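Everything on this sheet refers to the single structure shown next.
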Amino acid sequence: MGVPSVIPRILRIPFFILRGFSLVPASYGVVSCISSASYVNHRDASNILELRSTELDYWLGAMWCLLAGLWSYWLADGLMHRWLFYYEVYSAMIRLISLQTINCVITAFVVTHYGPDEPIWSWMFCSVVLAICDVIQWLFTSTTKFQKDDDPEKIRQLIWKEIFRYIFVPLAIFTFITMICLLEEQSRFRYTTSLIPPPRDIICNRECPLHCITDSN
């Protein structure tokens, strides 16, 4: 997916950089999730239970960040090629700048809305939105890619094959991996909670973060 030859040589590097900006939100998400996974406390039955995201949650969030970054790049690349096909170079550049701005703003809003303690929800939502945008982009703006083929039915079949291969299959695989990992985490969570003393052995204490400690008697 190189820079199209219709772009003047002097503008190829700016277009390359602008298209690369589509990877910035996801790259920040990957670094943030990996950093948080390195410092998060494990759920341990030997201490007071903390219902927070675990290390696994952040690694799954980083996984969804990678998928979101890939789909974001494909969206920017596909729209850039279409804009260069129909518009002048500078008009396409303005549209590409607007696209990257919208991408960063919406991603920041979603991540802020869910908060840093919900990495899976944040980046799964971003990935689904980008998947929908990519599907729309392929269905309604990818005809120029197959313009040498005069058969509309064949063009439609080729587009759906790409959508199935590059959108539906990765989405299904990542969803399945997330489901298996969270079910395994739930099994371990149920096991550790079974080791916590029953409620009758817990008394209140204001010095404890949760106002409760285990009765020593």
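Of the candidates Ser53, Ser91, Ser72, Ser98, the single residue that is over 14 Å from the mean Cα position of the chain (by Cα), among the hydroxyl-bearing types (Ser, Thr, Tyr) and within 17 Å of Gly20 (Cβ to Cβ) is Ser98.
Pick from Met63, Met80: which is more than 20 Å from the chain's Cα centre (by Cα) and either part of a loop (DSSP other than H, G, I, E, B) or of a type outside the set (Ser, Thr, Tyr) (or both)? From the options Met63, Met80, the qualifying one is Met80. Touching a residue at least 12 places away in the same chain (Cβ under 8 Å), in a helix (DSSP H, G or I) and not small (Gly, Ala, Ser): does that describe Pro25? Judged against the criteria, Pro25 is a match.
Considering the conditions (1) modelled with pLDDT under 85; (2) within 16 Å of Cys126 (Cβ to Cβ); (3) small (Gly, Ala, Ser), Ser72 is excluded by exactly one of them, (1).
I'd like to check something: does the range 86-98 contain any residue that is under 16 Å from Ile132 (Cβ atoms) and modelled with pLDDT under 95? No, the conditions are met nowhere in the range 86-98. Within the range 90-127, the residues that satisfy the criterion of being in contact (Cβ under 8 Å) with a residue 60 or more places away in the chain and under 24 Å from Ile177 (Cβ atoms) are Thr107, Val111, Pro116, Asp117, Glu118, Pro119, Ile120, Ser122, Trp123, Met124, Cys126, Ser127.
Here the range 114-134 is the region considered, the condition is being among the small types (Gly, Ala, Ser) and surrounded by 17 or more Cβ atoms within 10 Å (Cβ to Cβ), and the residue that is nearest to Leu67 (Cα to Cα) is Ser127.
Among the residues of the range 79-113, those that are surrounded by 15 or more Cβ atoms within 10 Å (Cβ to Cβ) and either at positive phi or in contact with a Lys or Arg (Cβ under 8 Å, 6 or more places away or on another chain) (or both) comprise Leu79, Met80, His81, Trp83, Leu96.
Being modelled with pLDDT of 80 or more, within 30 Å of Tyr86 (Cβ to Cβ) and buried (at least 16 other Cβ atoms within 10 Å of the Cβ) is the filter here, so list the residues in the range 1-49 that pass it. Selection gives Phe15, Leu18, Arg19, Phe21, Ser22, Leu23, Pro25, Ala26.
Within the range 155-181, residues that are at pLDDT below 95 sit with their Cβ atoms under 6 Å from residues that are outside any helix (DSSP H, G or I) and surrounded by 11 or more Cβ atoms within 10 Å (Cβ to Cβ), at 6+ positions apart or across chains, in these pairs: Ile155/Asp149; Ile159/Ser142.
The values are calculated or read from the model by the stated rules, or taken from the named source; none is laboratory data. Computed from a prediction, not measured in an experiment: that's the story for all the values here. Backbone-built Cβ (ideal geometry, glycine too); neighbour counts: all protein chains shown.
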